[in-house]
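A.B. asks: Starting off with a structure, shown below.
Every number in this text was worked out from the coordinates using simple rules, so none of it is lab data. Owing to the predicted nature of the structure, the values given are computational and were not obtained by experimental measurement. Here Cβ is always computed from backbone atoms with ideal geometry, including for glycine, and neighbour counts include all displayed protein chains.
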Amino acid sequence: MEDNLEFDDETSRLVEEFNSSQGAIERRRKIIAALALQAGEAILDVGSGPGNQIFEMSSVVGPAGRVQGLDPAESAIAIASRRCSGLSNVHFELGDVAQLPFEDGTFDAVMSSQVFEYLENVGGGLQEIYRVLRPGGRVLIHDTDWGALLWRSSDAQRMARVMGVFDGHLADPYLPQILAPKLRDAGFSDIKVEPIVQVETKFDPGSVSGVLMKFVVGYVESQGVSASEASAWKEDLENLGATRDYFFSSNEYMFTGRKPG
Ligand SMILES: C[S@@+](CC[C@H](N)C(=O)[O-])C[C@H]1O[C@@H](n2cnc3c(N)ncnc32)[C@H](O)[C@@H]1O
């Protein structure tokens, strides 16, 4: 049984659905602001998925700039290429952060959203980003600390069981706790961290937690949780939504830094 989440067609489609949620739209806006993108800059999005962030960064850097997406999943590259077709300053490449197919010093800024928590070798990925940044270039890494998740349930034990299994879809569900030293070790300076807190008090199938629920059910069933337990877990949350007793909160973190020089 494969324990890492597989970025096949269905998962890439779910990431795209997630990216339409209000919380994801707002966080992409915060990522662009924290990166302080300028017209004319060359930007890399590592693990660009369905390309929503790329699409939005394209208009910020403008025709004199360049936005490069990279992802190892063919389905993600296909969806992202469709989204950005016609944008002359956008390019996509199939590839892995472990070995970025770019020359040293190519980019003014490199960002990566919800990708590093999946990596076995976080330090190696950061070193590659450092290499492809120009001296003085900026990095932004955005990930969730799944240990800080609050999701009200009428069955706390089942919630802990289901989310405990779900943690297995990541290499490190608590990555933000060690990201600052990892960035320092890779050579970055001026490291700062900014939280993004997602809070939802209404159940909406198209919200951050509403789409997350679909990821959770699909993944935990693939790991041996019975379909009846997974659907009872989901129905409980939907029922709490129907009685207006719903509560979801997750903590995401944007780490920024600079390559000295
Ligand atoms: C949760 S999705 C996030 C996608 C996108 N950043 C977004 O926020 O919409 C994680 C993405 O990381 C990609 N990924 C996984 N392992 C990777 C690696 N070693 N190098 C680069 N990307 C990777 C996956 O293919 C997937 O598209």
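A.B. asks: Tally time: how many residues in the range 18-47 are touching a Phe, Trp or Tyr at 6+ places or on another chain (Cβ under 7 Å) and small (Gly, Ala, Ser)? So that I can check it myself, show each step before the final result.
C.D. replies: At the first step, the residues of the range 18-47 found to be touching a Phe, Trp or Tyr at 6+ places or on another chain (Cβ under 7 Å) are 24, 42-44.
Then keep just the ones that are small (Gly, Ala, Ser); that gives 24, 42.
Number satisfying all stated conditions: 2.
A.B. asks: Just a yes or no: is a residue in the range 198-210 over 28 Å from GLU6 (Cβ atoms), touching a residue at least 40 places away in the same chain (Cβ under 8 Å), charged (D, E, K, R) and assigned to a strand (DSSP E or B)? Reasoning before the result, please.
C.D. replies: Start the filter on the range 198-210 by keeping residues that are over 28 Å from GLU6 (Cβ atoms), which leaves 199, 201-202.
Filter again for touching a residue at least 40 places away in the same chain (Cβ under 8 Å), leaving 199, 201-202.
Those left that are additionally charged (D, E, K, R): 202.
Those left that are additionally assigned to a strand (DSSP E or B): none.
No, the range 198-210 contains no residue that is over 28 Å from GLU6 (Cβ atoms), touching a residue at least 40 places away in the same chain (Cβ under 8 Å), charged (D, E, K, R) and assigned to a strand (DSSP E or B).
A.B. asks: Would you be able to tell me the number of residues in the range 247-261 that are among the hydroxyl-bearing types (Ser, Thr, Tyr) and more than 27 Å from LEU175 (Cα to Cα)?
C.D. replies: Initial filter on the range 247-261 (among the hydroxyl-bearing types (Ser, Thr, Tyr)): 249-250, 253, 256.
Within this subset, residues satisfying the condition of being more than 27 Å from LEU175 (Cα to Cα) are none.
So the count comes out to 0.
A.B. asks: So is VAL220 buried (at least 16 other Cβ atoms within 10 Å of the Cβ), more than 20 Å from SER113 (Cα to Cα) and in contact with a helix residue (DSSP H, G or I) (Cβ under 7 Å, 6 or more places away or on another chain) or not? Even if it seems obvious, please write down each step before you answer.
C.D. replies: Values: buried (at least 16 other Cβ atoms within 10 Å of the Cβ): yes; more than 20 Å from SER113 (Cα to Cα): yes; in contact with a helix residue (DSSP H, G or I) (Cβ under 7 Å, 6 or more places away or on another chain): yes.
Yes; evaluated as a whole, the condition is true for this residue.
A.B. asks: Scan the range 14-59 for residues that are farther than 13 Å from ALA80 by Cα and more than 14 Å from the ligand (Cβ to nearest atom) and jot them down.
C.D. replies: If the condition is that a residue be farther than 13 Å from ALA80 by Cα and more than 14 Å from the ligand (Cβ to nearest atom), then GLN22, ALA33, ALA34, ALA36, LEU37, GLN38, ALA39, GLY40, GLU41, ALA42, SER59 are the ones that fit.
A.B. asks: Moving on. Can you tell which of ARG134, ARG161, ARG138 is away from the ligand (no atom under 15 Å from the Cβ) and within 18 Å of PRO173 (Cβ to Cβ)? Full working, then the answer.
C.D. replies: Details: ARG134 fails: within 18 Å of PRO173 (Cβ to Cβ); ARG138 fails: within 18 Å of PRO173 (Cβ to Cβ).
Selected residue: ARG161, the only one of ARG134, ARG161, ARG138 that is away from the ligand (no atom under 15 Å from the Cβ) and within 18 Å of PRO173 (Cβ to Cβ).
A.B. asks: Hey, does the range 145-165 have a residue that's more than 19 Å from VAL193 (Cβ to Cβ), of a type in the set (Gly, Ala, Ser) and in a strand (DSSP E or B)?
C.D. replies: Just the residues of the range 145-165 that are more than 19 Å from VAL193 (Cβ to Cβ), to begin with: 150-165.
Those still in the list that are of a type in the set (Gly, Ala, Ser) too: 153-154, 156, 160, 164.
Narrowing further to those that are in a strand (DSSP E or B): none.
Within the range 145-165, none of the residues are more than 19 Å from VAL193 (Cβ to Cβ), of a type in the set (Gly, Ala, Ser) and in a strand (DSSP E or B).
A.B. asks: Residues in the range 60-72: is at least one acidic (Asp, Glu) and more than 8 Å from the ligand (Cβ to nearest atom)?
C.D. replies: Of all residues in the range 60-72, those acidic (Asp, Glu) come to 71.
Those left that are additionally more than 8 Å from the ligand (Cβ to nearest atom): none.
No, the range 60-72 has no match at all.
A.B. asks: Restricting to the range 230-261, count the residues that are exposed (fewer than 15 other Cβ atoms within 10 Å of the Cβ), within 25 Å of MET111 (Cβ to Cβ) and of a type in the set (Gly, Ala, Ser).
C.D. replies: Of the residues in the range 230-261, 1 are exposed (fewer than 15 other Cβ atoms within 10 Å of the Cβ), within 25 Å of MET111 (Cβ to Cβ) and of a type in the set (Gly, Ala, Ser).
A.B. asks: Now, a different point. Within the range 81-116, restricting attention to residues that are among the small types (Gly, Ala, Ser) and more than 9 Å from the ligand (Cβ to nearest atom), which residue is surrounded by the most Cβ atoms within 10 Å (Cβ to Cβ)?
C.D. replies: In the first step, residues of the range 81-116 are kept if they are among the small types (Gly, Ala, Ser); the result is 81, 85-86, 88, 95, 98, 105, 109, 112-113.
Next, from what is left, pick out any that are more than 9 Å from the ligand (Cβ to nearest atom): 81, 85-86, 88, 105, 109.
Working: SER81: 16, SER85: 8, GLY86: 6, SER88: 9, GLY105: 14, ALA109: 23.
Going through the qualifying residues, I end up with ALA109.
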